[in-house]
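See structure below.
The values are calculated or read from the model by the stated rules, or taken from the named source; none is laboratory data. Bear in mind the structure is a predicted one, so any value in this text is a computation, not a measurement. Note that each Cβ is placed from the backbone with ideal geometry, even for glycine, and that neighbours are counted across all protein chains shown.
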Amino acid sequence: MSLIKSIQQRLNQKKRIQGWPGLIEAYRPWLPVTESTPVITLQEGSTPLIPIHSISERIGRNVKVYAKYDGLNPTGSFKDRGMTMAISKAKESGCEAVICASTGNTSASAAAYAKRAGMKAFVLIPDGYVAQGKLAQALVYGAEVLAIKGNFDNALDIVRELSNKYPITLVNSVNPFRLEGQKTAAFEIIDTLGEAPDWLCIPMGNAGNITAYWMGFLEYKKANKSKKLPRMMGFQAAGSAPLVFNKKIENPETIATAIRIGNPVNKEKAILVKESSNGDFLDVTDEEIIEAYKILGQNEGIFCEPASAASIAGLLKRKNEVPNNATIVCVLTGNGLKDPDCAIKNNDAVFHTGLEADIQTVAKTMGF
Ligand code: AN7
């Protein structure tokens, strides 16, 4: 056996043992990294694309709906896709500290990856409006958490200025490496389905993710990995829908705190995505979000956070416009465990408490 062949075999074997290497190694030729980029990874990416029959059935007409369950990333949200890139590039440039403003998920992800890279992480959050799980993560990963008396938009203004004035790298989605990493979700969808879907349904906050997906779909189409491009359908919570109503929202409000954003940084890019994909933006009420959240939990065994359920709520709202036989992917951006308070308050479960610890009581309560 030739030497090259035996080295190749050993490498393949190593790959098998290690499993999925993380998205930078998996999609290296598509990403702005070089041999000298230190790869900071938690083996993010390769998330499941799960058929969701109860939603397909509600639409009918042989429509197939899938959930891209990005809540199964290492810190429980799609942010890890962008963060592996942003932090690797920050590390490459010699940076020692990163900062972000966040409704929660960015802070959790930035903290985890920064710490893994041996860097300091500062996170600015709106005091009282970050779901418990996300706050817990930022604290456990050892970020320095700064909670301000203001909303996400105020926090972003501050960190943008801070990163201009001081030697600290901004890792919000204004950082172009974030979008580069996040575009790999579109690659994975095409790699799995063998073609792009007809519609991509996605929640929007700062609209970085919808922009990143579109980049991914365009790049794969250009490389002949797919023949079509999806219509990009972006959804926002009704009380926080600057992109739907085409105006800045001073005091955004929604149960979906992840997307409680009134002045999206990627607004112009998002409008371009909508226009070039023949897509559309629509608002969904908190009630519709919770209804979709419950359907996913009760009928599919999928627990996502409220912001993610906006993609399902939006699809259901537009179901009459879905073409026959269409393939639709809804992006579930974050894990349901992120927001336990929302889960405890919004479910239809039968929950008996304070029962005596004996079999008779339990059996009787069960209806035997
Ligand atoms: C679960 O963490 O902005 O439209 O600071 O956490 O790319 O902003 C989170 C956004 C959707 C919206 N779903 O994505 C933050 C933050 C979940 C999210 C979005 C977010 P973008």
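Taken together, the residues in segment 232-273 that are within 19 Å of the chain's Cα centre (by Cα), among the basic types (Lys, Arg) and surrounded by fewer than 24 Cβ atoms within 10 Å (Cβ to Cβ) amount to 2.
Determine, yes or no, whether Leu72 is surrounded by fewer than 23 Cβ atoms within 10 Å (Cβ to Cβ), within 16 Å of the ligand (Cβ to nearest atom) and either modelled with pLDDT under 95 or aliphatic (A, V, I, L, M) (or both).
Numbers: surrounded by fewer than 23 Cβ atoms within 10 Å (Cβ to Cβ): yes; within 16 Å of the ligand (Cβ to nearest atom): yes; either modelled with pLDDT under 95 or aliphatic (A, V, I, L, M) (or both): yes.
Yes; evaluated as a whole, the condition is true for this residue.
The residue pairs whose first member lies in segment 275-293 and is farther than 19 Å from Gly336 by Cα, whose second member is in a loop (DSSP other than H, G, I, E, B) and of a type in the set (S, T, N, Q), and whose beta carbons are closer than 8 Å, counting only pairs six or more residues apart or on different chains, do not exist in this structure.
Against the test of being modelled with pLDDT under 95 and more than 15 Å from the ligand (Cβ to nearest atom), the options Gly45, Gly19, Gly60 yield a single qualifying residue, Gly19.
Going through segment 186-228 one residue at a time, which ones are away from the ligand (no atom under 16 Å from the Cβ) and in a loop (DSSP other than H, G, I, E, B)? Don't jump to the end; show me each part of the working.
Within segment 186-228, the subset away from the ligand (no atom under 16 Å from the Cβ) is 187-199, 218-228.
Listed by number, the residues that qualify are Gly194, Glu195, Ala196, Pro197, Asp198, Ala223, Asn224, Lys225, Ser226, Lys227, Lys228.
Filtered by the rule that a residue be under 20 Å from Leu200 (Cβ atoms) and β-branched (Val, Ile, Thr), segment 262-280 gives Ile271, Val273.
Out of Ala86, Ala90, Ala110, which single residue is over 19 Å from the mean Cα position of the chain (by Cα), under 17 Å from Val174 (Cβ atoms), surrounded by 18 or more Cβ atoms within 10 Å (Cβ to Cβ) and touching a residue at least 24 places away in the same chain (Cβ under 8 Å)? First the steps, then the outcome.
Values: Ala86 fails: over 19 Å from the mean Cα position of the chain (by Cα); Ala110 fails: over 19 Å from the mean Cα position of the chain (by Cα).
So the residue among Ala86, Ala90, Ala110 that is over 19 Å from the mean Cα position of the chain (by Cα), under 17 Å from Val174 (Cβ atoms), surrounded by 18 or more Cβ atoms within 10 Å (Cβ to Cβ) and touching a residue at least 24 places away in the same chain (Cβ under 8 Å) is Ala90.
Here Ser163 does not fit the description of being within 14 Å of the ligand (Cβ to nearest atom) and of a type in the set (S, T, N, Q).
For segment 110-165, which residues satisfy the criterion of being of a type in the set (D, E, K, R) and under 23 Å from Cys304 (Cβ atoms)? Write out each step before concluding.
Here is the first cut: in segment 110-165, the residues of a type in the set (D, E, K, R) are 115-116, 120, 127, 134, 144, 149, 153, 157, 160-161, 165.
Within segment 110-165, just Lys134 meets the criteria.
Across segment 310-335, what is the total count of residues that are in a helix (DSSP H, G or I) and in contact with a strand residue (DSSP E or B) (Cβ under 8 Å, 6 or more places away or on another chain)? Write out each step before concluding.
Within segment 310-335, the subset in a helix (DSSP H, G or I) is 310-317, 319-321.
Subset that is in contact with a strand residue (DSSP E or B) (Cβ under 8 Å, 6 or more places away or on another chain): 310-315, 317.
Total satisfying the criteria: 7.
Considered as a group, the residues in segment 109-133 that are part of a helix (DSSP H, G or I) and within 16 Å of the ligand (Cβ to nearest atom) include one that is farthest from Val39 (Cα to Cα), and that residue is Gln132.
Here is a yes/no grid of residues against (1) polar (S, T, N, Q); (2) out of contact with any Cys (no Cβ under 8 Å at 6 or more places or on another chain); (3) away from the ligand (no atom under 13 Å from the Cβ); (4) assigned to a helix (DSSP H, G or I):
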| site | (1), (2), (3), (4) |
| --- | --- |
| Ser107 | yes, no, no, yes |
| Leu135 | no, yes, no, yes |
| Ala138 | no, yes, no, yes |
| Gly142 | no, yes, yes, no |
| Asp157 | no, yes, yes, yes |
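Which of the residues spanning segment 93-107 are over 18 Å from the mean Cα position of the chain (by Cα) and crowded, with 19+ Cβ neighbours inside 10 Å?
To start, the set of residues in segment 93-107 that are over 18 Å from the mean Cα position of the chain (by Cα) comprises 93-99.
If the condition is that a residue be over 18 Å from the mean Cα position of the chain (by Cα) and crowded, with 19+ Cβ neighbours inside 10 Å, then Val98, Ile99 are the ones that fit.
The set of residues from segment 90-101 being touching a Lys or Arg at 6+ places or on another chain (Cβ under 8 Å) and not aliphatic (A, V, I, L, M) comprises just one member, Glu96.
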